[in-house]
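The values are calculated or read from the model by the stated rules, or taken from the named source; none is laboratory data. All figures in this text were calculated on a predicted structure; none of them were measured in a lab. Cβ coordinates were reconstructed from backbone atoms using ideal geometry, including for glycine residues, and neighbour counts include every protein chain displayed. What goes into the accessible areas is simple: the full protein's heavy atoms, side chains included, and nothing from ligands, DNA or RNA. Shrake-Rupley method; radii C 1.70, N 1.55, O 1.52, S 1.80 Å.
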Amino acid sequence: MSSMDSTPTGTGIRPANDTAPPTALTIAGSDSGGSAGMHADLRTFFSCGVHGMTAVTAVTVQNTLGVSDMVEIPPETVAAQVESVASDIGVHAAKTGVLPSAACIEAVLAACDRQGIGRDGRTPLVLDPVAASRNGEPLLRADALAALRDEAFPRATLVTPNLDEVRLLTGIEVRDRDQLWEAAKAMHDFGPEYVLIKSGHLPEDPECVDLLFDGREAVTLPGPRYSTVHTHGAGDAFASAITAALARGAPMERAVRLGKRFVSRSVRHAYPLGSGVGPVSTFWRISSRSIQ
Ligand SMILES: Nc1ncnc2c1ncn2[C@@H]1O[C@H](COP(=O)(O)OP(=O)(O)OP(=O)(O)O)[C@@H](O)[C@H]1O
Ligand SMILES: Cc1ncc(CO)c(N)n1
């Protein structure tokens, strides 16, 4: 897969000194329960040794039982956050989570274009097309899905849909591992450089085998399937671990393999919380003795 090596590494701006870590930006919503969204992203960046920054798109009222409310941040404020950190600190790689409206998507894309973030710029952009919470509560307006597909996908270096998002965007109902390839091709037709199809939502499959596709060749990413209900934030952890690896200069295939390893271990160390679905552990690398 030759083009797997062509990923831009992201120049960022000026490292403060030799010891400054790479930087990564998440453009995402907050989760008051601390399990998903930008909270999972920031913890993952931290665990991967990358300085995390945020452009908050929406504030959700959320716990382990679901999302009960959401307030959108004005699109111009979202864009201003992107421009503020990119123009001063520099961004080595960026990712998106909840982008709640077409207006938000357009503002984010314009800011990213100006800052060289996206598939034709210096800085890789990982687009996680989050459509709903794991309980099915919508996290975007009706107009956002088409804007994601038609405007954001062609500007993304990598898109990381789960199987529900594949169905919403392409109409393809993936029922087993063999159909991942068909889904990847349909998603690639929307214009991103790479597509990563996540297979967490195939509960009958004894393994979690994801698929990376660059428009020509596909790479399978095998992984165990752990028996746990506590997988809140798995998708965010995966996309942000890939983003962290890209920020550190890894080419795409390597970044995705590192991300897969990170998220598998995060699911393995998932923990119960509240009375609903608990989070994956994005800080499995850090032992409980770290602060003693
Ligand atoms: N039970 C599991 N055991 C091991 N790996 C899993 C499990 N569930 C999901 N994964 C892995 O976690 C990653 C995220 O996949 P998934 O399809 O669950 O994404 P998602 O639906 O976007 O996540 P989220 O639960 O955050 O909405 C993938 O690499 C997937 O293979
Ligand atoms: C804020 C937010 N982003 C993403 C998800 C999906 O994991 C969620 N539940 N909440």
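Looking only at residues of region 205-221 that are of a type outside the set (A, V, I, L, M, F, W, C) and closer than 29 Å to ASP31 by Cα, we find that the one that is farthest from ligand 2 (Cβ to nearest atom) is GLU207. Here ALA132 fits the description: within 16 Å of ligand 1 (Cβ to nearest atom) and open to solvent by 10 Å² or more (accessible area, probe 1.4 Å). Look at region 144-171: where a residue is part of a loop (DSSP other than H, G, I, E, B) and a partner is within 16 Å of ligand 2 (Cβ to nearest atom), sitting 6+ places away or on another chain with Cβ atoms under 6 Å, you get ALA156/LEU127; THR160/ASP128; THR160/LEU196; THR160/ALA239; PRO161/PRO129; ASN162/LYS198; ASN162/HIS201; ASN162/GLY235.
Checked against the criterion of being more than 30 Å from ARG122 (Cβ to Cβ), part of a loop (DSSP other than H, G, I, E, B), away from ligand 1 (no atom under 15 Å from the Cβ) and not charged (D, E, K, R), the candidates SER281, SER275 yield just one match: SER275. Return the residue satisfying two criteria in turn: it lies in region 176-211 and is open to solvent by less than 40 Å² (accessible area, probe 1.4 Å) and in a strand (DSSP E or B), and of such residues it is farthest from ARG265 (Cα to Cα). If we take residues in region 176-211 being open to solvent by less than 40 Å² (accessible area, probe 1.4 Å) and in a strand (DSSP E or B), then TYR194 is farthest from ARG265 (Cα to Cα). Of all residue pairs spaced 6 or more apart or on separate chains, those with beta-carbon atoms under 8 Å, a first member in region 197-209 that is under 19 Å from GLU165 (Cα atoms) and touching a residue at least 12 places away in the same chain (Cβ under 8 Å) and a second member that is open to solvent by 10 Å² or more (accessible area, probe 1.4 Å) and among the hydroxyl-bearing types (Ser, Thr, Tyr) are GLY200/THR231; CYS208/SER264; VAL209/THR220. Go through region 212-243 and report how many residues are out of contact with any Asp or Glu (no Cβ under 9 Å at 6 or more places or on another chain), crowded, with 19+ Cβ neighbours inside 10 Å and outside any loop (DSSP other than H, G, I, E, B). So the count comes out to 4.
With VAL67, VAL82 as the choices, which residue is buried (at least 22 other Cβ atoms within 10 Å of the Cβ) and either away from ligand 1 (no atom under 16 Å from the Cβ) or assigned to a helix (DSSP H, G or I) (or both)?
VAL82
Can you spot a residue in region 122-129 that is in contact (Cβ under 8 Å) with a residue 40 or more places away in the chain, outside any loop (DSSP other than H, G, I, E, B), open to solvent by 10 Å² or more (accessible area, probe 1.4 Å) and more than 30 Å from GLY278 (Cβ to Cβ)? For region 122-129, residues in contact (Cβ under 8 Å) with a residue 40 or more places away in the chain, outside any loop (DSSP other than H, G, I, E, B), open to solvent by 10 Å² or more (accessible area, probe 1.4 Å) and more than 30 Å from GLY278 (Cβ to Cβ): absent.
Could you tell me which numbered condition ALA241 fails, if it satisfies all but one of (1) within 16 Å of ligand 2 (Cβ to nearest atom); (2) at positive phi; (3) not β-branched (Val, Ile, Thr)? Unmet condition: (2).
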